[in-house]
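Peer 1: Structure in structure tokens, see below.
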Amino acid sequence: MHVNLIPCLTDNYAYIINDNVSKTVGVVDPSEALPVIAFLKKQNLKLDYILNTHHHYDHIGGNTELKKLYNAKVVGFVGDKHRIPGIDITLEDNTKWIFGKSSVKILHIPGHTLGHICFFFENEKIAFTGDTLFSLGCGRIFEGDHKQMLTSLNKIKKLPKNTKIYCGHEYSYKNAEFCMKYDNDNIDLKKKFEKIKQLRSNNLPTLPTALEDELKSNIFLKCDQNDLKTKLNMKNQDDYKVFRKVRDLKDNF
Ligand code: ZN
Ligand code: FE
């Protein structure tokens with residue numbers, strides 16, 4: 001399966017996924033239709049599915065136009081069936097959906113929104129995490145609470161370490177600066193930041209990121225670790241309180 005990054009709006013990515021064997025084509029989180037249509041035309045592809053991680057406009061903005069043009073099926077979380085435009089296939093937590101020849105596990109990961117999901121392609125080890133897990137960051141908590149978001153991140157943490165993470169936004173540089181502020185003696189983080197700087201200076205995407213890298217360098221995934229707790233003067237405090245602190249710090253960064 002091929003994943004193609006399509007920059008949309010100012011810092012969003014839509015992803016065109018293409019299973020060459022079964023000739024199945026999908027797009028994940030099309031914030032706008034035009035860049036997606038341009039890519040499909042150039043590659044001479046049709047569109048079978050529109051996959052939405054959550055209902056925000058910068059993830060579903062292209063749904064209606066793409067559905068009309070290609071007669072594609074819109075796929076999203078059952079709990080959001082009233083706010084995902086054009087939804088045809090409703091998915092439930094912890095179930096499997098088939099895309100071409102791929103088995104896709106659906107993880108309900110509320111926090112950013114209540115109906116947020118992750119599409120995990122099991123054999124390919126590819127996860128579309130929307131606005132829940134970013135490279136070196138996590139999404140803002142709009143509809144859920146900190147406990148929900150932490151539980152959701154912990155679900156993603158349990159995926160295989162070599163999982164490739166494709167998230168909804170190019171926020172890596174700013175996120176790296178934030179992580180560096182509180183975890184500046186982390187050698188893995190320093191290396192990751194250097195790589196991000198280099199990519200961004202050439203205007204290249206920093207995604208996908210490996211889950212393994214995120215586990216070492218993303219401080220939102222380290223709120224259970226004594227090392228980080230000590231750095232934040234929160235030794236022996238609950239993981240979720242540490243997470244709330246980190247999220248608050250980021251909101252004001
Ligand atoms: Zn969002
Ligand atoms: Fe977004």
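Peer 1: Of these, 54, 82, which one is open to solvent by 70 Å² or more (accessible area, probe 1.4 Å) and not in a helix (DSSP H, G or I)?
Peer 2: Exactly one residue qualifies, and that residue is 82.
Peer 1: Pick out the one residue from 245, 174, 250, 192 that is touching a Lys or Arg at 6+ places or on another chain (Cβ under 9 Å) and under 20 Å from residue 112 (Cβ atoms).
Peer 2: Sole residue among the options that is touching a Lys or Arg at 6+ places or on another chain (Cβ under 9 Å) and under 20 Å from residue 112 (Cβ atoms): 250.
Peer 1: Here is a further query. Could you tell me whether segment 142-154 includes any residue that is in a helix (DSSP H, G or I), within 16 Å of ligand 2 (Cβ to nearest atom) and of a type in the set (D, E, K, R)?
Peer 2: Checked segment 142-154: no residue is in a helix (DSSP H, G or I), within 16 Å of ligand 2 (Cβ to nearest atom) and of a type in the set (D, E, K, R).
Peer 1: For segment 160-177, name all the residues that are away from ligand 2 (no atom under 16 Å from the Cβ), over 13 Å from the mean Cα position of the chain (by Cα) and buried (at least 20 other Cβ atoms within 10 Å of the Cβ).
Peer 2: Within segment 160-177, just 176 meets the criteria.
Peer 1: Would you check if residue 9 is open to solvent by 70 Å² or more (accessible area, probe 1.4 Å), under 21 Å from the mean Cα position of the chain (by Cα) and modelled with pLDDT of 95 or more?
Peer 2: yes
Peer 1: Filter segment 36-52 for residues that are touching a Leu at 6+ places or on another chain (Cβ under 9 Å) and either modelled with pLDDT under 95 or over 23 Å from residue 98 (Cα atoms) (or both) and give the result.
Peer 2: Of everything in segment 36-52, those that are touching a Leu at 6+ places or on another chain (Cβ under 9 Å) and either modelled with pLDDT under 95 or over 23 Å from residue 98 (Cα atoms) (or both) turn out to be 37, 39.
Peer 1: Additional query: Under 8 Å between Cβ atoms, which residue pairs at least 6 apart in sequence (or on different chains) link something in segment 44-55 that is basic (Lys, Arg) with a partner that is surrounded by fewer than 24 Cβ atoms within 10 Å (Cβ to Cβ)?
Peer 2: Here the result reads 46/25; 46/40; 46/70, each pair linking segment 44-55 to a residue that is surrounded by fewer than 24 Cβ atoms within 10 Å (Cβ to Cβ).
Peer 1: Taking segment 87-117 as the region of interest, how many residues are open to solvent by less than 40 Å² (accessible area, probe 1.4 Å) and within 20 Å of residue 18 (Cβ to Cβ)?
Peer 2: Of the residues in that region, 6 qualify.
Peer 1: Another question, then. Return the residue satisfying two criteria in turn: it lies in segment 17-50 and is buried (at least 18 other Cβ atoms within 10 Å of the Cβ) and in a loop (DSSP other than H, G, I, E, B), and of such residues it is farthest from ligand 2 (Cβ to nearest atom).
Peer 2: Residue satisfying both the conditions and the ranking: 48.
Peer 1: Ok, one more. Can you confirm whether residue 194 is within 25 Å of residue 10 (Cα to Cα) and surrounded by 17 or more Cβ atoms within 10 Å (Cβ to Cβ)?
Peer 2: Against the criterion (within 25 Å of residue 10 (Cα to Cα) and surrounded by 17 or more Cβ atoms within 10 Å (Cβ to Cβ)), residue 194 does not qualify.
Peer 1: Hey, could you check segment 119-150 for residues that are within 12 Å of ligand 1 (Cβ to nearest atom) and charged (D, E, K, R) and say which is nearest to the chain's Cα centre (by Cα)?
Peer 2: 131
Peer 1: Something else: Being over 20 Å from residue 190 (Cα atoms) and in contact with a helix residue (DSSP H, G or I) (Cβ under 6 Å, 6 or more places away or on another chain) is the filter; apply it to segment 201-235 and report the residue that is most open to solvent (accessible area, probe 1.4 Å).
Peer 2: Checking each candidate, the answer is 235.
Peer 1: What is the one condition in (1) open to solvent by 70 Å² or more (accessible area, probe 1.4 Å); (2) in contact (Cβ under 8 Å) with a residue 24 or more places away in the chain; (3) acidic (Asp, Glu) that residue 238 does not satisfy?
Peer 2: That leaves (2) as the condition not met.
Peer 1: Also, I was wondering about something else. Can you tell me how many residues in segment 57-74 are more than 16 Å from ligand 2 (Cβ to nearest atom), surrounded by 15 or more Cβ atoms within 10 Å (Cβ to Cβ) and part of a helix (DSSP H, G or I)?
Peer 2: 5
The values are calculated or read from the model by the stated rules, or taken from the named source; none is laboratory data. For clarity, every value in this text was computed on a predicted model and none was experimentally measured. When we count neighbours, we look across all protein chains shown, and the Cβ atoms used for this are built from the backbone with ideal geometry, even at glycine. SASA here: full protein model, heavy atoms, side chains in, ligands and nucleic acids out. Shrake-Rupley method; radii C 1.70, N 1.55, O 1.52, S 1.80 Å.
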